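A short worksheet on the structure shown next.
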Amino acid sequence: MKADTKGVLTGLHFMDGDHSCCEGLLAAGCRFIGGYPITPSTEVVERFAERIPKVGGVFIQMEDEIASSIVIQGAVWAGLKAATVTSGPGFSLMMEHIGLAAMTETPCVFVNVQRGGPSTGLPTLPAQSDMMQAKWGSHGDYEIIAVSPNSPQECFDFAILAFNYAEQYRVPVMLMMDECVGHMYERVKIPSADEIELVERRWATCAAGEYLTYKPDADLVPRMAKAGDGCRILVESLTHDERGYPVITPQAQKKLVSRLVNKIKNNAHKIYKYEEYKIEDAEVIVVSYGITSRVAFKAVELARQKGIKAGLLRLIVVWPFPEKKIEELAAKTKAFVTAEMNLGQIVLEVERCAHGKAKTLLAGHAGGTVHRPEEILEVIEKAISPNSSVGIWEL
Amino acid sequence: MEIRIAGFGGQGVMLAGNILGKAASIYGNKYATMTQSFGPEARGGYASSCLIISDEKILYPYLTKPDILVSMSQEAYTRYINDLKEGGTLIIEEELVKLEPEPKNVKIFKAPATRIAEQVGKKVVLNIVMVGFIAGITKILDKEVVLKAILDTVPKGTEDMNKKAFESGYEYAVKNLS
């Protein structure tokens, strides 16, 4: 499916990541946002509220983030593409309904422009410390997808990617921006509508009487029907069968929740996205994502200038985590340095997947500003020193 | 090339940075990254736009040692003067900034930007006069490229006044240099 021309602001722009994200959401066909504006994400909804009347759609400023994260799911079941936009404190409040979206398989996008935490923390300064929360924040077993842009251009591109994943797999997708990317201005190229490929919602094709809300296709993803189209729909948060009727048994739980997890795990090889730089002969591989990955790129260049064989694995999709890729690289390289703007989150995944075959070090940062390239370089140098051992984290 | 344009909120320093960034990255065939820093006040607090212009992809997004400091308020001057690179360029609005403390080892250019803006028509075009002055002094971007970015950015109906503001600032700089 191609994008709707009305929502696509084709051309070259010098804009910040928040505005660019808004344009990405519009280009993806998002026609509903329920939000509770919060720094540093406010500009996304501010622009959306201004743009959406002309494009055709709705913005509602809700009473809080709890309401925001549920109102969008109503819009999705009514047939729209919908998103909400927030930052850490609001993201915390949305956790319950991220679980609801996972359980009811409601495709929607949660934009989190991360700022320093915990609690209200650093409203105007960046962090990447909600990465584990994005994956594990709601209770129960489920899988989500999270993507991490490192430029205003990618805020546009990945807003579309996020919606495409949401529709493809019927999951809530997290667009994990940060304050730096959100408020940074760069050139953004918005292509014409017919150059933008969108994944259409997988509508039911069976006769209305035969439709089952949670009967999956072969790839474990069920089809949706619009409310009012004649199909019986039951959007159920209790453990349910294919009809959506609550079934409170271990058997039903196993069947449903395994599918919720496996529809992502089994398709993970199609979801993973990463960039590699000078990885072939690398003895130290820096793993990074979001804004930090740009600084990590610089650090790798500095290391190469010093004769250190360093490389970069830049994660675009952070969840699902590219387990196999890390396993493969662990067998070939000597050490991983995970560079992230938190005190140790994705490094845990790297450590898990390295299975002790390579050293795993953290180049952490408490947030408030991005790493200096030299700070990452220092950890790269530590990684190749014979004295450093497996699993050393120095903050 | 790192440029900091600093003043107080409401003077249009963000728009000035935005125009130069747009000129560089959309019309000037270069890369540009702009970040901002400002105080909590809507108006009157400090504000600064931080612009990097480069022929190569910009990786680290913040300023490290600015080559150019444009100061449009006293607070901006005292706050940022020590960050300026040795041998760097200091541009000030001469009626709003006193050089106290005296800067060492920098090239100083003074512009009566507010006066010029008033002559052009309105004090609000002060930032565009400054953009003209910066373009004239530093020559980092072609005059036409910057003008294009200005006309592309300012509200409809104000193009003539802004064009005049830009050209007055530019000409003052060129005269000042010779």
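The values are calculated or read from the model by the stated rules, or taken from the named source; none is laboratory data. These numbers come from a predicted model, not from an experiment. Neighbour counts run over all protein chains shown; Cβ positions are idealised from the backbone, glycine included. Note: accessible area is taken over every heavy atom of the protein model, side chains too, but ligands, DNA and RNA are not part of it. Shrake-Rupley method; radii C 1.70, N 1.55, O 1.52, S 1.80 Å.
The table below lists the values:
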quantity: 13 Å Cα-Cα reach of B:K175 towards aspartates and glutamates, excluding residues that sit fewer than 8 places from it in its own chain; calculated: B:E167
quantity: Rough spin-label spacing in nm, given labels placed 7 Å along Cα→Cβ, for A:A207 and A:K2; calculated: 3.7 nm
quantity: Globularity ratio of the stretch A:1-153, using Cα Rg and 2.2 N^0.38 Å; calculated: 0.99
quantity: Rough spin-label spacing in nm, given labels placed 7 Å along Cα→Cβ, for A:S385 and A:S192; calculated: 5.7 nm
quantity: Alpha-carbon radius of gyration plus Dmax, which is the widest Cα pair, for the stretch B:2-177 in Å; calculated: 14.7, 43
quantity: Cα centroid separation - the stretch A:162-200 against the stretch A:302-350, whole Å; calculated: 24 Å
quantity: Largest-first ordering by accessible area, 1.4 Å probe, given options B:D55, A:D178; calculated: B:D55, A:D178
quantity: Carbon + sulfur, % of accessible area of the stretch A:189-323 - ligands and nucleic acids excluded, 1.4 Å; calculated: 50 percent
quantity: Average accessible area per residue (Å²) across the stretch A:92-141 - probe 1.4 Å, nucleic acids and ligands excluded; calculated: 35 Å²
quantity: Net +/- balance of residues flanking A:H240 in space, Cβ distance below 14 Å, scoring K and R +1, D and E -1; calculated: +2
quantity: Chain lengthening between B:K98 and B:K65 when straightened (0.36 nm per residue, less Cα-Cα); calculated: 9.7 nm
quantity: Pairwise burial B:A, computed as accessible area of each alone minus the pair, summed, 1.4 Å, Å²; calculated: 1500 Å²
quantity: Those lysines that a straight Cα-Cα span of less than 22 Å connects to A:K332, excepting residues fewer than 8 apart in one chain; calculated: A:K273, A:K278, A:K306, A:K309, A:K324, A:K357, A:K359, A:K382
quantity: Per residue, in Å², the accessible surface of the stretch A:274-384 once ligands and nucleic acids are set aside, probe 1.4 Å; calculated: 35 Å²
quantity: Average partner coverage of A:145-151, which counts Cβ from other chains inside 10 Å; calculated: 1
quantity: Solvent accessible area, Å² - A:H355, 1.4 Å probe, full protein context; calculated: 110 Å²
quantity: Other protein chain Cβ atoms within 10 Å, averaged over every residue that makes up A:179-186; calculated: 5
quantity: Computed E for A:L234/A:K325 - FRET, C-beta separation, R0 45 angstrom, nearest 0.05; calculated: 0.70
quantity: Model label zone, A:E374; criterion: amide N under 20 Å from point 7 Å along Cα-to-beta-carbon; scope the stretch A:280-323; calculated: A:292-308
quantity: Kirkwood Rh (inverse of mean 1/r, distinct Cα pairs), the stretch A:254-322, angstrom; calculated: 13.5 Å
quantity: Of all DSSP beta bridges in the protein assembly as shown, antiparallel share, percent nearest 5; calculated: 40 percent
quantity: Other protein chain Cβ atoms within 10 Å, averaged over every residue that makes up B:17-25; calculated: 3
quantity: Long-range tail of P(r) for the stretch A:283-341 (Cα pairs > 13 Å, %); calculated: 59 percent
quantity: Residue-count net charge about B:A76 - beta-carbon cut-off 10 Å; Lys, Arg +1, Asp, Glu -1; calculated: 0
quantity: Computed lengthening from B:D83 to B:D55, 0.36 nm per intervening residue step minus Cα-Cα distance; calculated: 7.8 nm
quantity: Reachable lysines from A:K226, criterion Cα separation under 28 angstrom, eight or more residues apart if same chain; calculated: A:K2, A:K6, A:K54, A:K81, A:K215, A:K254, A:K255, A:K263, A:K265, A:K270
quantity: Extension gain, A:Q61 back to A:K215 (0.36 nm per residue minus Cα-Cα distance, nm); calculated: 52.0 nm
quantity: Inter-part distance where the stretch A:26-93 and the stretch A:223-283 are each reduced to a Cα centre, Å; calculated: 23 Å
quantity: Long-range HN-HN contacts of A:C108 with modeled amide H, under 5 Å; calculated: A:V171, A:V173
quantity: Rounded FRET efficiency, nearest 0.05, which uses the C-beta distance separating A:A366 from A:D281 and R0 of 22 Å; calculated: 0.10
quantity: Using distinct alpha-carbon pairs, which all enter the 1/r mean, Kirkwood radius of the protein assembly as shown in Å; calculated: 25.3 Å
quantity: Per-bin percent of Cα-Cα distances, the stretch A:98-200 [5 Å]; calculated: 3, 13, 20, 21, 19, 14, 8, 3, 0
quantity: FRET efficiency, 1/(1 + (r/R0)^6) with R0 56 Å, evaluated for A:L343 and B:E171 via beta carbons; calculated: 0.55
quantity: B:K139 paired with A:W136, simple spin-label distance in nm, labels 7 Å along Cα-to-beta-carbon; calculated: 5.9 nm
quantity: Percent carbon-and-sulfur accessible area, chain B, ignoring ligands, DNA and RNA, probe 1.4 Å; calculated: 48 percent
